[in-house]
Amino acid sequence: MRAYQSIVVAGAGSIGCHAGACLALAGRDVTLLARHRVAEAIGAAGLRVSDIDGFDRRLDGGAIDVATAPSVLAGADVVLVAVKSGDTAAMAELIARHAPESAVVVSLQNGVDNAGTLRAALGRRRVIAGMVPFNVVQSPEGELPLHVHRASAGTVLIEAGDESLRKLLDVDGFTVAGHADMPAVQWGKLLMNLNNALVALSGLPLAAQLADARWRRILADQIDEALAAMKANGIRPVKVTAVSPALLPTVLRLPDWLFLRLAKRMLAIDPTARSSMWEDLERRRRTEIDALQEVILGLARKAGTPATLTERIVALVRDAEARGKGSPRLRPEQVA
């Protein structure tokens with residue numbers, strides 16, 4: 001087995017800071033490649049990491065290395081890519097320019113195309129697809145110390161076959177397992193990520209939104225469109241929650257009293273948790289709608305299956321991006 005040592009987290013936002021902090025607390029040699037805002041916040045007051053299970057630790061500013069220059073990639077044995085999907089190509093260019101060819105690159109991103117984008121740009125470097133199943137909430141901009149909180153549960157999955165790498169990344173607060181069919185896992189996660197836009201458009205915390213049958217019906221209708229498009233294109237997603245993809249729409253359409261009883265694991269979410277797309281709107285950033293609903297629209301157009309609701313949700317998110325006023329806080333009847 002190959003011996004890995006140095007880890008660089010390329011894109012230290014919410015997920016990247018959470019992963020990096022957990023790895024650093026476990027004694028791993030890790031450096032965060034971050035924006036100036038994040039680097040300055042950690043340098044000034046350190047980094048706090050917590051989770052829904054009660055884990056709560058603080059790293060002093062000097063306890064974790066933070067860099068803003070991509071030259072730090074030159075010393076990486078492992079690069080964890082945690083940038084948003086729209087930034088994958090740009091990060092791939094930086095990795096190609098600065099990281100050694102021996103570096104292993106792990107995509108910890110939403111969407112189904114990021115590992116392919118990285119492989120196309122990185123030549124002989126080994127690229128491993130990963131899937132992060134949980135939400136991480138970041139403290140408001142300017143609040144110190146920078147605090148990242150894992151607000152839901154789950155095990156990070158990476159392509160099976162490199163046990164040394166899995167063991168390196170598998171630490172308290174950031175559990176990692178291997179999986180033999182990562183494409184199917186990523187398509188299954190994409191189904192769940194379709195709710196990101198609904199949280200962003202409603203402005204509701206995730207648990208509150210899932211507890212409302214009206215919003216769940218909209219999510220179920222979206223998933224129906226996605227499953228039809230996937231089936232027509234020969235794609236078979238696997239389950240990434242306790243419920244199989246085929247049963248998700250049925251479970252989501254249950255009355256509130258029955259859904260709340262049967263979906264306890266699905267609702268094991270911190271009451272403050274929202275989606276990364278909500279955070280993007282609130283911080284006036286580009287969302288990941290291209291890597292989520294737009295992918296389903298592409299499949300639907302190719303196969304000729306209906307996706308009118310998905311198309312409407314894309315339009316609403318685009319409008320919110322263009323307005324630059326944060327979440328529009330829509331009601332269910334304004335979406336469906």
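The values are calculated or read from the model by the stated rules, or taken from the named source; none is laboratory data. Everything numeric here is computed off the predicted structure, so don't read it as measured data. FYI the Cβ positions are ideal-geometry reconstructions off the backbone, even for glycines, and counts take in every protein chain you see. Surface areas here come from the heavy atoms of the whole protein model, side chains and all, with no ligands, DNA or RNA. Shrake-Rupley method; radii C 1.70, N 1.55, O 1.52, S 1.80 Å.
Do the conditions hold for VAL79, that is, is it out of contact with any Lys or Arg (no Cβ under 6 Å at 6 or more places or on another chain) and farther than 14 Å from GLY11 by Cα?
Details: out of contact with any Lys or Arg (no Cβ under 6 Å at 6 or more places or on another chain): yes; farther than 14 Å from GLY11 by Cα: no.
No: the conditions fail for VAL79.
Sub-7 Å Cβ pairs linking a first residue in segment 154-165 that is over 19 Å from GLY111 (Cβ atoms) and touching a residue at least 60 places away in the same chain (Cβ under 8 Å) to a second residue that is in a loop (DSSP other than H, G, I, E, B) and open to solvent by 30 Å² or more (accessible area, probe 1.4 Å), at least 6 apart or interchain, are GLU163/MET1; SER164/MET1; SER164/ARG2; SER164/ALA3, ordered by first then second residue. Under the condition of being assigned to a strand (DSSP E or B), surrounded by 22 or more Cβ atoms within 10 Å (Cβ to Cβ) and of a type in the set (Gly, Ala, Ser), the residues counted in segment 34-57 number 0. Selection over segment 69-87 of residues that are open to solvent by less than 50 Å² (accessible area, probe 1.4 Å), within 15 Å of MET131 (Cα to Cα) and of a type outside the set (A, V, I, L, M, F, W, C) gives a count of 1.
Checked against the criteria, ALA115 does not count as surrounded by fewer than 19 Cβ atoms within 10 Å (Cβ to Cβ), assigned to a helix (DSSP H, G or I), modelled with pLDDT of 95 or more and among the hydrophobic types (A, V, I, L, M, F, W, C). Of the residues examined, GLY62 is one that is outside any strand (DSSP E or B), free of Cβ contacts under 8 Å to residues at least 12 places away in the same chain and either more than 21 Å from the chain's Cα centre (by Cα) or surrounded by 17 or more Cβ atoms within 10 Å (Cβ to Cβ) (or both).
Please verify whether segment 75-82 includes one or more residues that are at pLDDT 95 or above, assigned to a helix (DSSP H, G or I) and of a type in the set (A, V, I, L, M). Checked against the condition, which is being at pLDDT 95 or above, assigned to a helix (DSSP H, G or I) and of a type in the set (A, V, I, L, M), segment 75-82 yields no hits at all. If you go through segment 171-183 and keep only what is surrounded by fewer than 18 Cβ atoms within 10 Å (Cβ to Cβ) and not in a strand (DSSP E or B), you end up with ASP172, THR175, ALA180, ASP181, PRO183. Annotation note: Cβ proximity below 9 Å between a residue of segment 289-309 that is on the phi > 0 side of the Ramachandran plot and a residue that is in a helix (DSSP H, G or I) (sequence gap 6+ or interchain) occurs for GLY304/ALA232.
Please determine whether any residue of segment 55-70 is modelled with pLDDT under 95 and closer than 24 Å to GLY178 by Cβ. The answer is yes; a qualifying residue exists.
Going by what's in this entry, would LEU258 be described as open to solvent by 40 Å² or more (accessible area, probe 1.4 Å) and either farther than 23 Å from THR88 by Cα or among the small types (Gly, Ala, Ser) (or both)? Against the criterion (open to solvent by 40 Å² or more (accessible area, probe 1.4 Å) and either farther than 23 Å from THR88 by Cα or among the small types (Gly, Ala, Ser) (or both)), LEU258 qualifies.
When ALA246, ALA197 are screened for being assigned to a helix (DSSP H, G or I), out of contact with any Cys (no Cβ under 7 Å at 6 or more places or on another chain), of a type in the set (Gly, Ala, Ser) and surrounded by 16 or more Cβ atoms within 10 Å (Cβ to Cβ), only ALA197 passes. The condition (being touching a residue at least 40 places away in the same chain (Cβ under 8 Å) and on the phi > 0 side of the Ramachandran plot) is satisfied by just one residue among GLY234, GLY173: GLY173.
Pick from segment 12-33 the residues that are part of a loop (DSSP other than H, G, I, E, B) and either among the charged types (D, E, K, R) or surrounded by fewer than 24 Cβ atoms within 10 Å (Cβ to Cβ) (or both): which of them is modelled with the lowest pLDDT?
Checking each candidate, the answer is GLY13.
For segment 265-336, the helices (runs of 4 or more DSSP H) that sit wholly inside it and include 1 or more residues that are open to solvent by less than 80 Å² (accessible area, probe 1.4 Å), among the small types (Gly, Ala, Ser) and modelled with pLDDT under 95 are 276-282.
Conditions (1) within 22 Å of the chain's Cα centre (by Cα); (2) closer than 18 Å to LEU198 by Cβ, marked per residue:
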site	(1), (2)
LEU248	yes, yes
ASP256	no, yes
GLU279	yes, yes
LEU292	yes, yes
PRO306	no, no
ARG331	no, yes
